[in-house]
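These notes are about the structure you will find just below.
The values are calculated or read from the model by the stated rules, or taken from the named source; none is laboratory data. Computed from a predicted structure; not experimentally measured. Note that we place each Cβ from the backbone using ideal geometry, even for glycine, and neighbour counts take in every protein chain shown. To get the accessible areas, we keep the full protein, side chains included, count just its heavy atoms, and leave off ligands, DNA and RNA. Shrake-Rupley method; radii C 1.70, N 1.55, O 1.52, S 1.80 Å.
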Amino acid sequence: DYETMALLRQAPGLLELTWVTVPPESPMVGRTTVELSVRRQTGASVVGVIRKGAFLPSPGVDYRFQAGDLVAVIGESKQREAFQSMVSEARIA
């Protein structure tokens with residue numbers, strides 16, 4: 001129907017994917033997605049990780065981030081920005 005088609009046309013702008021590299025100095029290194037409360041703190045969802053050339057889709061809550069991980073996050077613009085801030089923050093609560 002018309003309403004569904006209109007929403008689908010807007011969808012690409014509503015939910016986008018961003019790739020973020022975890023630097024060695026990131027407070028995320030060595031911590032899991034559940035320890036970091038990624039979803040609760042940022043609203044973004046981790047949907048994949050590339051580590052050493054291997055792709056891991058939908059990493060679980062026990063996934064432990066390492067320096068150099070290329071992390072795919074999906075969400076609205078503000079959510080993806082919050083995740084990028086989390087990656088580079090000096091400290092995570």
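How far apart, in nanometres, would the label points at Asp1 and Thr21 be if each is projected 7 angstrom from Cα along the Cα-to-Cβ direction?
4.8
On alpha carbon coordinates alone, what is the Rg over Rh value for the stretch 1-54, Rh being the Kirkwood radius? Intermediate values should be presented prior to the final figure.
Numbers: Rg = 16.0 Å, Rh = 14.1 Å.
Across the stretch 1-54, the Cα-based Rg/Rh ratio is 1.13.
Ignoring everything but the protein chains, give the 1.4 Å probe accessible area of Val29 in square angstrom, nearest 10.
The accessible area of Val29 comes to roughly 60 Å².
Could you list log10 I(q)/I(0) for the chain at q = 0.12, 0.18, 0.23 Å⁻¹, which the Debye formula gives when each Cα is one point scatterer?
-0.39, -0.76, -1.14
Determine the dipole magnitude for the stretch 6-62: charges of +1 sit on the beta-carbon of Lys and Arg, -1 on that of Asp and Glu, nothing else is charged, the reference point is the Cα centre, and the result goes in debye to the nearest 20. Walk me through the numbers before you get to the answer.
Numbers: 6 positive and 4 negative charges, 22 e Å.
Dipole magnitude for the stretch 6-62 comes out near 100 debye.
Run lengths n ≥ 4 of DSSP H only: what is the helix-derived mean residue ellipticity at 222 nm for the chain, with -39500 (n - 2.57) per run over all residues, to the nearest 500?
Numbers: 4 runs with 34 residues, N = 93.
Roughly -10000 deg cm²/dmol at 222 nm, from the helical runs in the chain.
Given Cα pairs under 8 Å that are at least 6 residues apart, what percent is the relative contact order of the chain?
On the way: 157 pairs, mean separation 36.6, N = 93.
It comes to 39 percent, rounded to a whole number.
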